[in-house]
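**Q** Got a structure here, written out as structure tokens. Questions coming.
Read the figures in this text as sums done on the coordinates, not as results from a lab. Just so you know, these numbers come straight off a predicted model, no measurement behind them. Cβ coordinates were reconstructed from backbone atoms using ideal geometry, including for glycine residues, and neighbour counts include every protein chain displayed.
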Amino acid sequence: MAKGKARQPGFFGRRVRLSTLCLTTVALFDLVTTMVLLGRGMEEGNPLFAWLLGYGPQVFVGAKVVFLAGPILILEFVRMRSPRSAEQGTWLAFLAYAGLYGAHLMQIRG
């Protein structure tokens with residue numbers, strides 16, 4: 001075995017960070033509550049996703065997943081080069097998403 005720097009795990013061999021788990025969790029809660037509220041007759045507030053909903057719930061859910069997975073994959077790629085920046089960015093994204101999600105739920109509640 002050669003001596004030297006220990007080999008770092010590849011992109012898919014890394015453990016999931018709490019920040020990524022929190023961001024994914026709030027996004028999934030958003031998706032589930034959106035689907036429940038749509039089923040109860042409410043409308044999608046985001047014009048892009050309202051348009052996508054016109055193509056059916058499968059397209060809507062697929063787009064939501066892509067719009068979540070894309071940025072998370074970018075953040076995780078950045079994490080390999082700049083872990084601190086990626087961690088800060090992920091927490092910032094989580095706080096922004098959670099804040100908007102909570103504000104929208106409060107608005108719906110009246």
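**Q** What percentage of all Cα-Cα pairs in the stretch 60-101 are separated by more than 11 Å?
**A** That tail contains 66 percent of the Cα-Cα pairs.
**Q** Using 1/(1 + (r/R0)^6) with R0 = 22 angstrom and r between the beta carbons of Gln107 and Val78, what's the FRET efficiency to the nearest 0.05?
**A** Between Gln107 and Val78 the formula returns 0.10.
**Q** Continuing with the same structure: For the ranges 81-87, 30-36, 40-46, what's the packing order if you count other beta-carbon atoms within 10 Å of each residue, average per peptide, and put the highest first?
**A** Sorting 81-87, 30-36, 40-46 by mean packing, highest first, produces 30-36, 81-87, 40-46.
**Q** When the convex hull of the Cα atoms of the chain is projected onto a plane and the area is averaged over all directions, what value comes out in nm²?
**A** 8.8
**Q** Between the helical axis of 57-81 and the dominant principal axis of the chain, each derived from Cα atoms, what acute angle in degrees is found, rounded to the nearest 10?
**A** Roughly 30 degrees between the two axes.
**Q** Can you give the extra length, in nm with one decimal, that the chain gains between Arg15 and Glu44 once fully stretched, where that is 0.36 nm per residue apart less the Cα-Cα distance?
**A** Extra length available between Arg15 and Glu44 comes to 7.0 nm.
**Q** Using helices alone, what [θ] at 222 nm do you get for the chain, with -39,500 (n - 2.57) per DSSP H run of 4 or more residues, divided over all residues and rounded to the nearest 500?
**A** Helices in the chain give a 222 nm mean residue ellipticity of -25500 deg cm²/dmol.
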